[in-house]
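A quick write-up on the structure given underneath.
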Amino acid sequence: MSNEIADKVKKIVVEHLGVDADQVKPDASFIDDLGADSLDTVELVMAFEEAFSVEIPEDAAEKIATVNDAIEYITKQKAA
Amino acid sequence: MFSLSGKLALITGASGGIGAAIARQLHERGAIVVLSGTREGALQDVAAALGSERVHIVPANLSDDAQADALVSRAEEVAGQPLDILVNNAGLTRDTLAVRMKDDDWAQVLKVDLESPFRLARAALKGMQRRRSGRIISISSIVGTTGNPGQANYAAAKAGIVGMSKSLAQEVGRRGVTVNVVAPGFVETAMTDVLPEAVREKLLGNIPLGRMGRPEDVAAAVVYLASDEAGWVTGTTLHVNGGMAMV
């Protein structure tokens with residue numbers, strides 16, 4: 001399950017930020033490593049919400065800075 | 001210049017004097033228009049005047065949150081394409097001096113004139129951001145800048161439109177989406193027809209261009225802001241008031 005989530009997260013990041021798949025490493029920061037601006041990060045969170053049918057509240061969204069943060073958060077939500 | 005060919009525009013309050021003129025001019029420039037409002041019969045009259053092509057009607061009551069939230073996607077569904085231009089034109093007044101203003105007079109005006117434009121903009125921006133293009137144009141009023149006795153609620157809502165639009169403009173500028181405001185002065189509509197002659201005379205004395213506005217004067221400003229040519233204009237308020245207030 002969690003691999004499935006990781007793959008989907010990576011795919012969304014690639015699509016939204018227009019980066020290469022091999023740049024999307026687990027510890028890659030959206031802003032520092034993948035060239036996202038603040039609106040990109042909001043769009044990413046909205047895309048995650050849509051793709052995984054989860055709601056990511058504002059305070060949780062603020063803490064999602066890296067690819068791994070996103071995967072972990074979504075995995076936890078789906079498990080709950 | 002100013003072609004809107006093939007673009008989808010949603011106009012709220014499209015059965016009113018100004019709303020109908022906006023719909024007409026956008027349609028004339030080639031846009032596909034979705035007319036919204038509370039009175040379906042009146043919307044059908046406006047639609048009939050535009051002919052049978054590139055016109056859709058989606059009635060909605062914007063004092064209902066769910067209807068306001070759903071309007072953009074309903075418009076996109078009926079037209080079968082994503083929204084390019086949102087015109088927040090719908091508005092209502094509940095005029096009375098503040099000491100006599102009921103809570104509901106305040107709440108209703110803020111709900112329809114300020115909150116519903118936000119709800120519509122929020123819904124529209126999701127797609128516009130993603131597509132890297134879009135236009136949001138909201139109709140404010142000169143009284144949002146100058147104030148007007150008896151209109152504390154309306155003036156607050158219309159001033160709020162300006163602050164909201166400036167904020168949205170900064171949020172989405174990098175995505176090629178512009179957010180602007182048109183602020184009419186005194187325009188000849190059913191609302192101003194009922195003014196006593198003495199009041200009209202006094203009003204005209206304050207307008208350097210010597211006449212009341214026409215709905216078409218306002219619509220032309222909307223066409224400009226909706227056009228590709230206005231692509232470097234955002235967060236601004238275009239005052240269309242015959243020079244009555246030069247702000």
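Determine whether residue B:133 is away from every other protein chain (no Cβ under 14 Å), surrounded by fewer than 19 Cβ atoms within 10 Å (Cβ to Cβ) and without any contact (Cβ under 8 Å) to a residue 60 or more places away in the chain.
Details: away from every other protein chain (no Cβ under 14 Å): yes; surrounded by fewer than 19 Cβ atoms within 10 Å (Cβ to Cβ): yes; without any contact (Cβ under 8 Å) to a residue 60 or more places away in the chain: yes.
Taking the combined requirement at face value, the residue satisfies it.
Does residue B:84 meet the test of being under 21 Å from residue B:188 (Cβ atoms) and surrounded by fewer than 23 Cβ atoms within 10 Å (Cβ to Cβ)?
Working: under 21 Å from residue B:188 (Cβ atoms): no; surrounded by fewer than 23 Cβ atoms within 10 Å (Cβ to Cβ): yes.
Criteria not met by residue B:84.
Return yes when residue B:63 is touching a residue at least 24 places away in the same chain (Cβ under 8 Å) and crowded, with 20+ Cβ neighbours inside 10 Å and no when it is not.
Values: touching a residue at least 24 places away in the same chain (Cβ under 8 Å): yes; crowded, with 20+ Cβ neighbours inside 10 Å: no.
Spelling it out, it is not the case that residue B:63 is touching a residue at least 24 places away in the same chain (Cβ under 8 Å) and crowded, with 20+ Cβ neighbours inside 10 Å.
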Collect the residues in the stretch A:44-64 that are of a type in the set (Asp, Glu) and more than 10 Å from the chain's Cα centre (by Cα), keeping them in residue-number order.
-> A:50, A:55, A:58, A:59, A:62
Tell me, please, whether a residue that is among the β-branched types (Val, Ile, Thr) and under 22 Å from residue B:3 (Cβ atoms) can be found in the stretch B:181-194.
-> yes
Do we find a residue being in contact with a Phe, Trp or Tyr (Cβ under 7 Å, 6 or more places away or on another chain), away from chain B (no Cβ under 14 Å) and in contact (Cβ under 8 Å) with a residue 12 or more places away in the chain anywhere in the stretch A:68-75?
-> yes
When both residues are 6+ apart or on different chains and their Cβ atoms are under 9 Å apart, which pairs have a first residue that lies in the stretch B:102-130 and is among the β-branched types (Val, Ile, Thr) and buried (at least 19 other Cβ atoms within 10 Å of the Cβ), and a second that is part of a helix (DSSP H, G or I) and at pLDDT 95 or above?
-> B:109/B:153; B:109/B:154; B:109/B:156; B:109/B:157; B:112/B:68; B:112/B:157
Yes or no: residue B:228 touching a strand residue (DSSP E or B) at 6+ places or on another chain (Cβ under 7 Å), closer than 29 Å to residue B:29 by Cα, away from chain A (no Cβ under 14 Å) and among the acidic types (Asp, Glu)?
-> no
Among all residue pairs at least 6 apart or on different chains, which show Cβ distances below 8 Å where the first residue, located in the stretch A:37-53, is more than 10 Å from chain B (Cβ to nearest Cβ) and the second is of a type in the set (Gly, Ala, Ser)?
-> A:41/A:61; A:44/A:36; A:44/A:70; A:45/A:61; A:48/A:70
State all residues of the stretch B:66-101 that are closer than 15 Å to residue B:7 by Cβ and in contact (Cβ under 8 Å) with a residue 24 or more places away in the chain; if no residue qualifies, say none.
-> B:72, B:75, B:76, B:79, B:81, B:82, B:83, B:84, B:85, B:86, B:87
Single residue of A:41, A:66 found to be within 29 Å of residue B:170 (Cβ to Cβ) and in contact with a Ser or Thr (Cβ under 8 Å, 6 or more places away or on another chain) = A:66
In the stretch A:30-80, which helices (runs of 4 or more DSSP H) lie fully inside it and hold 2 or more residues that are in contact with a His (Cβ under 8 Å, 6 or more places away or on another chain) and surrounded by 15 or more Cβ atoms within 10 Å (Cβ to Cβ)?
-> A:38-52
Being surrounded by fewer than 19 Cβ atoms within 10 Å (Cβ to Cβ), among the β-branched types (Val, Ile, Thr), in contact (Cβ under 8 Å) with a residue 40 or more places away in the chain and within 20 Å of residue B:95 (Cβ to Cβ) narrows it down to one of B:146, B:192, so name that one.
-> B:146
Take the residues of the stretch A:12-29 that are more than 20 Å from residue A:63 (Cβ to Cβ), touching a helix residue (DSSP H, G or I) at 6+ places or on another chain (Cβ under 8 Å) and of a type outside the set (Asp, Glu): which is surrounded by the fewest Cβ atoms within 10 Å (Cβ to Cβ)?
-> A:21
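Within the stretch B:172-189, take every residue that is part of a strand (DSSP E or B) and within 14 Å of another protein chain (Cβ to nearest Cβ) and give me the one that is surrounded by the most Cβ atoms within 10 Å (Cβ to Cβ). Walk me through it before giving the result.
At the first step, the residues of the stretch B:172-189 found to be part of a strand (DSSP E or B) are B:177-184, B:187.
Add one more test, that the residue is within 14 Å of another protein chain (Cβ to nearest Cβ), and what stays is B:177, B:179.
Numbers: B:177: 23, B:179: 28.
Only one residue fits best here, namely B:179.
The values are calculated or read from the model by the stated rules, or taken from the named source; none is laboratory data. Because the structure is predicted, anything quoted here is derived from the model rather than measured. Backbone-built Cβ (ideal geometry, glycine too); neighbour counts: all protein chains shown.
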